[in-house]
1. Just want the ordering: 230, 238, 92, 323, from fewest to most Cβ atoms lying within 10 Å of their own Cβ.
2. Using θ = phi - 60° and the Karplus relation 6.51 cos²θ - 1.76 cosθ + 1.60, list the HN-Hα couplings for the range 147-152 in order, rounded to whole Hz, with x at every Gly or Pro.
3. Using the Karplus curve 6.51 cos²θ - 1.76 cosθ + 1.60 with θ = phi - 60°, work out ³J(HN,Hα) for each residue of the range 294-306 in order, rounded to whole Hz, and write x for Gly and Pro.
4. Output ³J(HN,Hα) for the range 161-174: one whole-Hz value per residue in order, computed from phi by the Karplus curve 6.51 cos²θ - 1.76 cosθ + 1.60 with θ = phi - 60°, and x for Gly and Pro.
5. Around residue 156, with a cut-off of 15 angstrom between Cβ atoms, what is the net charge of the other residues, counting Lys and Arg +1 and Asp and Glu -1?
6. Percent relative contact order of the chain, based on C-alpha pairs within less than 8 angstrom and at least six residues apart?
7. Return the FRET efficiency for the residue pair residue 138, residue 334: r is the Cβ-Cβ distance, R0 is 41 Å, and the value is rounded to the nearest 0.05.
8. A 29 angstrom limit on the alpha carbon distance is what I want to check against. Which of 59/221; 122/265; 67/221; 39/122; 59/170; 39/67 exceed it?
Amino acid sequence: MSSNTSISFIDGALKTAIPFFMIPIGILASRMRKNLLVKPMIWVIIILLINYIVSQFFKLGVSIYEKDSFYTGGATASAPIIIALGLLILFHAFNLRKLPYGKLFTTFIVSSALFIIVFSLKRGAILALICATIVYLLYTGQRVKTIGRFILVGLLMVFILNTNIETFYKRFESRTTERNEIQNEGRYKEIFYIFQEFESSSPLKVFFGTEPFNSDVVMVKYFGRKRRLHVDYNILLHGTGVFGLLLYLSLYYNLFKININEKNKFRRLKGKKQTFSFTENFALVMSILILSLVMGLSGGLQFMSYRIMMFLATGYYLGNLIHSNQSLRQQSTIDS
């Protein structure tokens, strides 16, 4: 039972649950309009890039890791992961040749966005993007071309980074001090504190949790100050117990299962003409889900913005697979 129901329900349960409702909305949107998300994602990235540029010029917001090195302006910690999601969607659009703007313009935007992710030194966003990219490359039907595009964008990003190399080194050194080593990280220590807490808890609390989404009242005795758990899986394990964590992971399991089942249906229906786009949509859904799961290690349940966008994209591209199979099934019925 929570000692603060408003935090547990509004700041916790609702923020965690609402983004998942974007999946059926995305599925419905995919039926109404094709390529709906590409242009908005480009403009989201452009707006964030403008925010960072203006912030450096006027020194707006906080400067993280190193004084006077990189101001975030109005962007939150979720901005790099939003950019990572946008990059996946744009590479998918590259492969399908459905870019709303010119290739040179889009390549410049993508390279600049990749620079922001690297320069921000947000390890969660960098790791999540790397893992999601690897998964996309495993499943895409355009592996060679996609790798070529990544290399091109990477080289342009390195060129942009090279013009800021001294600042980057200072930020990197600040980020790799002893205090920032993984064994000294609060996110790393959290899991051990949770198990310490469970050692003196009843089986009922271990299974269903205690103080859902209100962990700071418990963790104060370990950290010496009020500090909420950061890693999504730690938040869920501590607050909702083993049951809550498994329930959350089961949602991802079912999304993976639906995606794979749609692929298997497509193979049985033998939609040869649609194979190219179907494969790319399947690869993108897999990569977005991996992006979300890996980002959970850094923490993000409190950020509704990127999770809403992520699950909307998941539903949208999953909907493309579902509707493609429905069309093929109807066509095979007519032909027979």
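A short reminder: the numbers here are calculations on the coordinates, not readings from a lab. Small disclaimer: the values here were computed from a predicted structure and weren't measured. Cβ placement follows ideal geometry from the backbone for every residue including glycine, while neighbour counts extend to all protein chains displayed.
1. Values: 230 19, 238 29, 92 26, 323 15.
Going from least to most buried by this count: 323, 230, 92, 238.
2. Ordered by residue, 3J(HN,Hα) equals 4, x, 5, 4, 5, 4 Hz.
3. Each residue of the range 294-306 in turn: 5, 5, x, 5, 8, x, x, 4, 7, 9, 6, 4, 6 Hz.
4. Karplus-based 3J(HN,Hα) across the range 161-174 equals 5, 5, 6, 10, 5, 5, 4, 4, 4, 5, 5, 5, 5, 5 Hz.
5. Net charge in that neighbourhood comes out at +2.
6. Working: 410 pairs, mean separation 101.2, N = 336.
Relative CO of the chain lands at 30 percent.
7. Working: r = 35 Å, r/R0 = 0.86.
Efficiency computed from Cβ-Cβ geometry: 0.70.
8. Working: 59/221 37 Å; 122/265 39 Å; 67/221 31 Å; 39/122 25 Å; 59/170 18 Å; 39/67 35 Å.
The pairs that break the limit, which is 29 Å between Cα atoms, are 59/221; 122/265; 67/221; 39/67.
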